[in-house]
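Taking it in order: structure first as structure tokens, then the write-up.
The values are calculated or read from the model by the stated rules, or taken from the named source; none is laboratory data. Just so we're clear, the structure is a prediction, and the values are computed from it rather than from any experiment. Because the Cβ atoms are built from the backbone with ideal geometry, glycine has one as well, and the counts that use them run over all protein chains shown.
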Amino acid sequence: MSNAIAHFFHTHGFGGIVIYYDGPCGFCKHAVYSFVKYGLLSESTCTPAQDVPAMRVLMEQHDSWVVVDRRGVPHFEFDAGIALMRASPVLFWLAPFIHIIIPSSIGHALYRFVADHRPRTCVVPD
């Protein structure tokens, strides 16, 4: 991405988030990096939660990935996905509609279903 585009995204409030995922889970890593790539999440960081003790604790407490927004606020489960959409210059417009179409209670239930049905040590080929 060019410096001009990255600067535009930054000055308009896009990107700048940190995503902590379950390191041993290949599916989780693949999903997070795909979201960053295709959501054009500039200046964003992806790292295994196990590499940051405080994030590992949060991940385990919530049994969820952790998305920390530009203000330093952590988000979990379905709300973490909404935070990613808000930070994306191509998906930001979907965030308000997702809450209308999919109420938080249903979004969290969908997240729990996926999280509970993925193997803890799942592998996705690179």
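The single condition from (1) out of contact with any helix residue (DSSP H, G or I) (no Cβ under 9 Å at 6 or more places or on another chain); (2) assigned to a helix (DSSP H, G or I) that Gly72 fails is (2).
All told, Val73 meets the bar of being closer than 26 Å to Pro103 by Cβ and not small (Gly, Ala, Ser). Among the residues making up the range 13-55, those that are more than 12 Å from the chain's Cα centre (by Cα), crowded, with 18+ Cβ neighbours inside 10 Å, part of a loop (DSSP other than H, G, I, E, B) and of a type in the set (A, V, I, L, M, F, W, C) are Phe14, Cys25, Leu40.
Yes/no matrix, rows are residues, columns are (1) touching a Leu at 6+ places or on another chain (Cβ under 7 Å); (2) modelled with pLDDT of 95 or more; (3) buried (at least 16 other Cβ atoms within 10 Å of the Cβ):
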site: Val57; (1), (2), (3): no, yes, no
site: Ser64; (1), (2), (3): no, no, yes
site: Pro74; (1), (2), (3): yes, yes, yes
site: Ile82; (1), (2), (3): no, no, yes
site: Arg86; (1), (2), (3): no, no, yes
site: Ile100; (1), (2), (3): no, no, no
site: Tyr111; (1), (2), (3): no, no, yes
site: Val114; (1), (2), (3): no, no, no
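Close Cβ contacts (under 7 Å, 6 or more residues apart or on different chains) running from residues in the range 54-68 that are farther than 23 Å from Phe113 by Cβ to residues that are surrounded by 15 or more Cβ atoms within 10 Å (Cβ to Cβ) and not β-branched (Val, Ile, Thr) comprise Met55/Tyr20; Met55/Ala49; Arg56/Ala49; Arg56/Gln50; Val68/Pro74.
Taken together, the criteria place Ala95 among residues that are under 15 Å from the mean Cα position of the chain (by Cα) and modelled with pLDDT under 90.
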